[in-house]
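Asks: Quick one: the structure is below, and I'll ask about it shortly.
The values are calculated or read from the model by the stated rules, or taken from the named source; none is laboratory data. All figures in this text were calculated on a predicted structure; none of them were measured in a lab. All Cβ positions, glycine included, derive from the backbone under ideal geometry; neighbour counts span all protein chains shown.
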Amino acid sequence: MAQTTRSFSIRQSANALVSSLNAFNPAVVATYPSAAAVLADEAEKGSLQVDLREVCTGGECLSAMVCERLKQVMGCTVLLTNLANTAQPFIRYDLADQVTLQTGRCVCGSPLR
């Protein structure tokens, strides 16, 4: 993943962030909803010119207004998951993985399947 994944600081100026993203041209961006809203503004102005398939948000509340704006301006799927669960979170993303539930206790002794 190191060759296909990059991390960009949202603390840099919007111009620097947009320039970096345009150079990398990601298919997926994962960020805070507030930063995604800034990126939507930049895309609407024509500054951000990337062909996104998905915008994944977390760490803040994603309002219905920001979610709808991202869909309209970015023209892509917006994914949201709740990572505050006490159990393993289930990420709503199809990786074509398959899961088989055990019928009894785990051999490790856990009562969970």
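Asks: Taking the condition of being of a type outside the set (A, V, I, L, M, F, W, C), part of a helix (DSSP H, G or I) and either more than 13 Å from the chain's Cα centre (by Cα) or more than 16 Å from LEU70 (Cα to Cα) (or both), how many residues in the stretch 1-33 meet it?
Replies: Number satisfying all stated conditions: 4.
Asks: In addition: Which residues, taken from the stretch 10-30, are out of contact with any Phe, Trp or Tyr (no Cβ under 6 Å at 6 or more places or on another chain), surrounded by 10 or more Cβ atoms within 10 Å (Cβ to Cβ) and not hydrophobic (A, V, I, L, M, F, W, C)?
Replies: Passing the criteria: GLN12, ASN15, SER19, ASN22, ASN25, PRO26.
Asks: Within the stretch 16-41, which residues are more than 25 Å from CYS61 (Cα to Cα) and either of a type outside the set (A, V, I, L, M) or modelled with pLDDT under 95 (or both)?
Replies: Scanning the stretch 16-41 gives SER19, SER20, ASN22, PHE24, ASN25.
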